[in-house]
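One structure is given below, encoded as structure tokens.
FYI, it's all coordinate maths here, none of it is from the lab. Here the structure is a predicted model, which means the values were calculated and not measured. Glycine also receives a Cβ, built like all others from the backbone with ideal geometry; neighbour counts cover every protein chain displayed.
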Amino acid sequence: MNPQKRIWKYGDNINTDVIFPGKYTYTMHDPTEMASHALEDLDPTFASNVQTGDIIVAGKNFGNGSSREQAVTCLTAAGVGAVIAISFARIWYRNAINNGLPAIICPRAVAEAEHGGHIMVDMQHHTIALDAHNFPFAPFSETARDILEVGGVIEFVKQKVQNQIDS
């Protein structure tokens, strides 16, 4: 994820009902349709203007609330390349990694990022570039990195099983 991407910056406590409205939980199953409702109650322009690889930057406790996977699915289907926050709700963080969406904790980058600005995330070197500043972030665990590299836990498990069959 190296080319510069646009920043969508939001505040603290963005919960799963704000990320994907709960009223659609049992009526929508198509990820593309889910993407068209991503963040609609917070930012009605998001779903129609987000571009592949754009980055969400948020404050504390991103993804709190229910454990619905739609709150990750709608963002990945919309093309979001990563979410950078001060902190994440534990279950949302795990759902993000399991679905191949990098969830990066980097408070210093969050403080410097501006909505509509540009950002570069270098997963290999664990850095975020904003203007002339680079911000390091903690590397993912080996397993999380492997899951992210293949696009999610389902593909990761498929590859592990195939490797065992081939051995």
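Assorted remarks:
- Share of pairwise Cα separations in the stretch 57-166, more than 17 Å, in percent: 56
- Kirkwood-based shape ratio for the stretch 1-45, expressed as Rg/Rh from alpha carbons: 1.04
- With neighbours defined as other Cβ atoms within 10 Å of a residue's Cβ, the residues Cys74, Cys106 order from fewest to most as Cys106, Cys74.
- Counting only Cβ charges, +1 for Lys and Arg and -1 for Asp and Glu, the dipole size of the chain around its Cα centre is about 300 debye.
- Here the average projected area of the convex hull drawn through the C-alpha atoms of the stretch 36-114 stands at 4.8 nm².
- Each residue of the stretch 9-23 was assigned a 3J(HN,Hα) from its phi angle through the Karplus expression (A = 6.51, B = -1.76, C = 1.60, θ = phi - 60°), giving 9, 9, x, 7, 6, 6, 8, 5, 5, 7, 5, 9, x, x, 5 Hz with x at Gly and Pro.
- MRE, 222 nm, helices only [DSSP H, n ≥ 4, -39500 (n - 2.57), over the chain, to nearest 500]: -9500 deg cm²/dmol
- Considering only Ala109, Ala77, Ser141, the residue lying farthest towards the positive end of the dipole of the chain is Ser141, judged by Cα position with unit charges set on Cβ.
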